[in-house]
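Bear in mind these aren't lab numbers, they're just calculated from the coordinates by the rules spelled out. This one's a predicted model, so the numbers in the text were calculated from it and none came from an experiment. We place every Cβ from the backbone using ideal geometry, glycine too, and count neighbours over all the protein chains shown.
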Amino acid sequence: MHKKLFIPGPIEVAPEILQAMATPMIGHRMPEYARLHQGVTTKLKRLMFTEDRVFLSTSSAFGAMEGAVRNLVGKRCANFCNGAFSDKWHNVTLACGKEADAFKVPWGEPITPELVESALSTGKYDAITLIHNETSTGVMSPLPEIAQVLKKYPDVVSIVDTVSSMSALKIPVAELGIDCCVFGVQKAFALPPGLAVFTASQKALDRAKTVPGRGYYFDFLEFAAADEKDNTPSTPSISLIYALDCQLDRMFAEGLERRWSRHRELAAFVRGWVAEHGFGFLPAEPYRSLTLTCATNTREVDLALLKKRLGERGYAFDDGYGKLKGKTFRVAHMGDMQLEDLKGITSEMEAILKEM
């Protein structure tokens, strides 16, 4: 039995996307692929409101995130940490042999402009890492306000993870001044996992030229050279790129404003259900994610049992991540989900909770 996915990723994939992945194969050095690649990167630039280079990487987003650290951290990196994945990014930075400091806030709290200002005002750092939407805690940090701080430090290269937010709300990469924006496709893009997208500003490419030990697979300069030919340095996941091309067309057919509005409506519905049924929220109201809700288990429900019962009814449910397991639960509301999908899982949750 297929369990309908309401976990924070991967999420449900539409039949049209799966069908697009069945498109007959082409060679990645053939003109047919160059046309596909150019079409996809052009659409991505439109979605992201940027004319910066947009690269396609056959990897998880963490591959591109590690690559960004290897390419863009010269002197020392400030890693801003407010959950499991941003904590991990600090560990990755150190594992790459880079000098780095972690600026940690408690899980459930956002990264604030004041914290970023405090770190960068020391003059120690030439790069930062930041996760816009921390999926372990359901916290969305105030990216526009943080971007205003970053503009005061033109020598600092910004590396921003929008893995679970890109396409669910407007993220104007050029206007914000993000030097390297990274995301995967298995969350708000609602594609199967295995493909990452990342941007590189001219500042980022200039920095990469000065940094030794970039490796090869994620060398930004190799990506830039391949991009001149509408291609990738090594063999890409062509089937996933067909899927991405299809999904971008579907996004524009829906309309970006409508897509963003739908995500706000879905978030409001889940938040309303959580409050109505006596659960709390991990993040404070201004910082709650638009793509997943992280609720606190104030009713002290047996979340493992709830997860098991939902699984028996055909729903995949998350009973908390890492040290929050059993203390929180997360419900995704992103990608191609509609209100009826969420009504389906919440009605089942209500029925199970009455039995427990």
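Each residue of the stretch 228-244 was assigned a 3J(HN,Hα) from its phi angle through the Karplus curve 6.51 cos²θ - 1.76 cosθ + 1.60 (θ = phi - 60°); the sequence is 4, 10, 6, 8, 10, x, 10, 4, x, 7, 4, 4, 5, 6, 4, 5, 5 Hz, with glycine and proline shown as x. Principal-axis analysis of the Cα atoms of the chain puts helix 339-355 at an angle of about 40° to the longest axis. Build a GNM of the chain with springs between Cα atoms under 10 Å apart, and of A61, A253, A100 the one that fluctuates most is A253. Residue by residue, the stretch 155-162 carries 3J(HN,Hα) couplings of 8, 9, 8, 9, 10, 10, 8, 10 Hz when phi is fed to the Karplus relation 6.51 cos²θ - 1.76 cosθ + 1.60 (θ = phi - 60°); x denotes Gly or Pro. Amide H to amide H distances under 5 Å link R288 with M140, where only residues 5 or more positions off or on other chains count and H is placed in the peptide plane. The mean sequence distance of close C-alpha pairs (under 8 Å, at least 6 residues apart), as a share of the length of the stretch 15-252, puts its relative contact order at 30 percent.
When the pairs K88/K187; K170/K354; K98/K151; K45/K343; K4/K327 are compared against a 30 Å limit on Cα-Cα distance, K170/K354; K45/K343 fall above it. Less than 11 Å Cβ to Cβ from A14, Lys/Arg counted +1 and Asp/Glu -1: what total charge do the surrounding residues give? Around A14, the surrounding residues sum to -2. Think of the stretch 15-252 as a dipole: +1 on every Lys or Arg Cβ, -1 on every Asp or Glu Cβ, centred on the Cα centre; then among G194, M251, V160, G194 lies furthest on the positive end.
Where a ≥ b ≥ c are the square roots of the eigenvalues of the C-alpha gyration tensor, would you call the chain rounded, which needs a/c under 1.5, or, failing that, prolate if a/b is larger than b/c, or oblate? Because a/c hits 1.5 or more and a/b fails to exceed b/c, the chain counts as oblate. For the chain, the longest principal axis of the C-alpha atoms and the axis of helix 84-95 are separated by about 30°.
For L5, nonlocal amide neighbours, meaning residues 5 or more places apart or on other chains whose placed amide H falls under 5 Å from its own, are E12, A316. R207 sits among other residues whose Cβ lies under 11 Å from its own Cβ, and their net charge, with Lys and Arg +1 and Asp and Glu -1, is 0. Database remark: amide H of I131 closer than 5 angstrom to the amide H of D161 (H placed geometrically; neighbours at sequence offset of 5 or more, or on other chains; Pro and chain starts carry no H).
Net charge in the neighbourhood of N82 (other residues with Cβ under 9 Å of its Cβ; Lys, Arg +1, Asp, Glu -1) is -2. Assign one of three labels to the stretch 125-263, namely rounded, prolate or oblate, based on the Cα gyration tensor with a ≥ b ≥ c the square roots of its eigenvalues; rounded applies when a/c is under 1.5, prolate when it is not and a/b is larger than b/c, and oblate otherwise. Since a/c reaches 1.5 but b/c is at least a/b, the shape of the stretch 125-263 is classed as oblate.
Apply the a/c threshold of 1.5 to the C-alpha gyration tensor of the stretch 1-132 and tell me whether it is rounded, prolate or oblate. Prolate, since a/c reaches 1.5 and a/b exceeds b/c.
Our helix-only sum for the chain, with -39,500 (n - 2.57) per DSSP H run of n ≥ 4 divided by its residues, gives a mean residue ellipticity at 222 nm of -13000 deg cm²/dmol.
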